[in-house]
């Protein structure tokens, strides 16, 4: 392959990934836009990879089929690190891999986290299992992200660890009803047991009058992770970490709205209006 052809294919892959991310309407999009172009393209490719394996875990296929599809992505990550990716996403990741030192173990951790969902609905996991799940599906993404931002330091990895957990727990609390409809229940069994809830059936648990106290306890854990992320971020260079600061501000605002709404009417959607998101992006991303 000529150098010109390779550059053309890489450019086509980046354009395809960018279009995919824009079409997804993700709340991460505006935070990513704060980055310089090369780093933004890296984040778009990381997001597209995460979206692809997440879609496998959430599909209606049988667990065995999901496992095979996730194994294909493990093979693709191996091919990526050998310099021979076959997929558009893998091709879009080639340049960021070389430029920013993205680590193979973080990609594989994301796949392992999706496998936890794919092998059957998670129901009332132990706190340690929930923490491992959050590390794989969120904090590992953060570890890839901070390298794309340009900050590969222990403090940045601590931001990834804490902020990833905070964001994932916020997602869990926001999506309780939606997850229950899929047979999933991420509320940890220790917190359920502390309130006398023995059932593992999602609908029954969410109908229990004691479940608001469980949700508040999990929200407090999330708040602790937000605080730890802010403390670690203070040890990082500010400018490259702006996207992380924006995402932290957006999700902490969502968590606060969830707590104000309460945990009785879980079907009531909680979202940030666009002007609020814009203000948070300005406040934490530009000022």
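The values are calculated or read from the model by the stated rules, or taken from the named source; none is laboratory data. In this text the structure is predicted, and so the values were computed from the model without any measurement. In this analysis, Cβ positions are derived from the backbone assuming ideal geometry, glycine residues included, and neighbour counts consider all displayed protein chains.
Some notes on this structure:
- Subset of segment 225-240 [surrounded by 14 or more Cβ atoms within 10 Å (Cβ to Cβ) and closer than 19 Å to residue 168 by Cβ]: 225, 226, 228, 229, 230, 232, 233
- Just one of the listed residues (180, 124, 166) is touching a strand residue (DSSP E or B) at 6+ places or on another chain (Cβ under 7 Å), buried (at least 20 other Cβ atoms within 10 Å of the Cβ) and modelled with pLDDT of 95 or more, and it is 124.
- Of all the residues in segment 109-129, those that are under 14 Å from the mean Cα position of the chain (by Cα) and free of Cβ contacts under 8 Å to residues at least 60 places away in the same chain number 4.
- Wholly enclosed helices (runs of 4 or more DSSP H) of segment 140-195 bearing at least 3 residues under 23 Å from residue 36 (Cβ atoms) and in the same structural domain as residue 269 (by TED's automatic domain parsing): 140-149, 154-174
- Residues in segment 251-287 that are modelled with pLDDT of 90 or more and under 26 Å from residue 143 (Cα atoms): 251, 252, 253, 254, 255, 256.
- Set 102, 93: member being in a loop (DSSP other than H, G, I, E, B), over 30 Å from residue 181 (Cα atoms) and touching a residue at least 40 places away in the same chain (Cβ under 8 Å): 102
- Each residue in segment 33-50 was checked for being over 18 Å from residue 97 (Cβ atoms) and either crowded, with 17+ Cβ neighbours inside 10 Å or at pLDDT 95 or above (or both), and 1 of them qualify.
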